[in-house]
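Before any comments, here is the structure.
Just so it is clear, none of the values below were taken in a lab; they were calculated from the coordinates. It should be emphasised that the depicted structure is a prediction, and the values quoted were computed from it without experimental measurement. Methodologically, a virtual Cβ is constructed for each residue, glycine included, from the backbone with ideal geometry; neighbour enumeration extends over all protein chains shown.
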Amino acid sequence: MFVVSDYGGHYSSMVPLGWALQAAGHEVRLVCGPAHTTVAEFTGLPVESNGTDVDTFTQARLGVWLAAKSGAPQAPGLPLLDPFTGARLADPGDFDWPAHEARYTAGAAAAARDRARGVVGVARHWRPDLVVYDLFSPEGLLAAELTGVPSLCQLWGPTGTDETGLGDAAPSPDIPREVRERLGIDLKADLLTGVIDPCPAALSPPSRAPRLPMRYVPYNGPGGAADAPPELSARPRICLIWSHSLTKVFGPASFVVPDVVRACADLDVELVLALNEGDAAALGPVPATVRVLRNFPAHVLLPTCSAVVHHGGSGCLMTAMAVGVPQLALPLGPVLESMAERLAGTGSGLVLPGSTATVESIGSALVSLLNEPSHAEAARTLAEENAARPAPSRLVPDLVRLAETREVRPSAFVTQT
């Protein structure tokens, strides 16, 4: 049983492993919230929806506002938004959190209980032999604990189970204390028994748990490849991939795609924009030399590119890593910034804070990516290291052994520090 959160992109890293298990003759079920059922069904895996959907945009905007109210450093140039309406706030004090806190907290708690009960209910009815859960889905860990089956946390990129320095944004793949107390689960027990890590060692995030290393195989959702650009021309091709989520969390000022277009206009490059329909519409007309692809699979496009610009999301970052393309990340928020900094630490990419990036700084970074061979060499090295890791199909015997023995066998895992 695969359990994923309401951050829809997080299940993408699970899909190839689900395919591998299914191809080997095992029964797989993907459990998600109702809002993601249609998209999840495109994966080809059986899907079961349950629980109440979480408004992740409200949740994220509230997190940004609470951080600002507490005095945490904020991204310059980005105004705060009202967590519930998305309207721009002139001052953090213009949002009356005490007037909403009790109702919102109660609603969030009820939604969490509803989702947890739903996932546990699926597990008790369907009786899986193994639960694989998203880093943001502790209800999967709860279902495994209450039904007495082993579980693994699957990472979706260079964000680990033991992050520091991310404040309230740090993921915690554990059952909350109040739930443990109510259900009689040992408060001191470390229930995180193992993680599936798709990152090459140089990119791998911190985790105290034993790791099952896996090759990252891109899954970018459905999409036709008929409009794929031809192979590289005489000019370097730069691809830009962006996330529509950022505008909903940080407002229109976070939409830096026009700056990237202007930066590339001053360079002797070919620019391809891989956008969704909403962002393509928000961008408006572009120069005739710029090509816009809508909802296009990134792993089909990126092998023809000399560099990629993106917002720092795990799907873009990991797909480009697997293909071996140098990257320029323009992240917003602590989690995206942390992943982007880990990428930059490998030498295969550069980072500019998305809120302060300018046409000039973006252009300068792209010139560096294209002209300094070390970036391309580091990107190729990461791709080679990724390709050398076990394919999802190679993990199937280890997962079967874990399901049969009902215990984590260290011989099946590789521990990294």
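Details
- Extension gain from E41 to D82, taking 0.36 nm per residue of separation minus the Cα-Cα distance: 11.4 nm
- Net charge in the neighbourhood of A189 (other residues with Cβ under 11 Å of its Cβ; Lys, Arg +1, Asp, Glu -1) is -2.
- Cα-based shape type of the stretch 1-158, given that a ≥ b ≥ c are square roots of the gyration tensor eigenvalues and the cut on a/c is 1.5: prolate
- About the Cα centre, charge dipole magnitude for the stretch 237-388 (Lys/Arg +1, Asp/Glu -1 at Cβ), debye: 340 debye
- The residues E41, E178, when put in order of fewest to most other Cβ atoms within 10 Å, stand as E178, E41.
- Taking Lys and Arg as +1 and Asp and Glu as -1, the other residues whose beta-carbon sits under 14 Å from that of I241 total +2.
- Fully extended contour minus Cα-Cα distance, from L267 to L166, at 0.36 nm per residue: 32.8 nm
- Relative to the 2.2 N^0.38 Å rule of thumb, the stretch 258-304 has a C-alpha radius of gyration ratio of 1.15.
- This model, with +1 at the C-beta of Lys and Arg and -1 at the C-beta of Asp and Glu, gives the chain a dipole about its Cα centre of some 660 debye.
- Cα-based shape type of the stretch 237-388, given that a ≥ b ≥ c are square roots of the gyration tensor eigenvalues and the cut on a/c is 1.5: rounded
- Multiplying each eigenvalue of the alpha-carbon gyration tensor of the chain by 5 and taking the square root yields semi-axes of 34, 27, 19 Å, largest first, rounded to whole angstroms.
- Bins of 5 Å from zero: percent of alpha-carbon pairs in the stretch 63-150: 2, 12, 17, 14, 10, 11, 11, 10, 8, 4, 0
- Helical mean residue ellipticity (222 nm; -39500 (n - 2.57) per DSSP H run of 4+; nearest 500) of the chain: -12000 deg cm²/dmol
- Largest mean-square fluctuation among S13, S348, S361, in a Gaussian network model of the chain whose springs join Cα atoms under 10 Å apart, belongs to S361.
- With a cut-off of 13 Å between beta carbons, the residues surrounding S355 carry a summed charge of -2, where Lys and Arg count +1 and Asp and Glu -1.
- Equivalent ellipsoid of the stretch 331-406: semi-axes from √(5λ) of the C-alpha gyration tensor, largest first, are 36, 18, 7 Å.
- Note on the chain: with a GNM built from Cα contacts shorter than 10 Å, the maximum mean-square fluctuation among L301, L293, L183 falls on L183.
- Between S245, T85, N371, the Cα set farthest toward the positive side of the dipole of the chain (charges on each charged residue's Cβ, about the Cα centre) is that of S245.
- Distance from the stretch 275-318 to the stretch 372-408 (C-alpha centre basis), Å: 26 Å
- Percent antiparallel among DSSP beta bridges (both partners in the chain, rounded to 5): 5 percent
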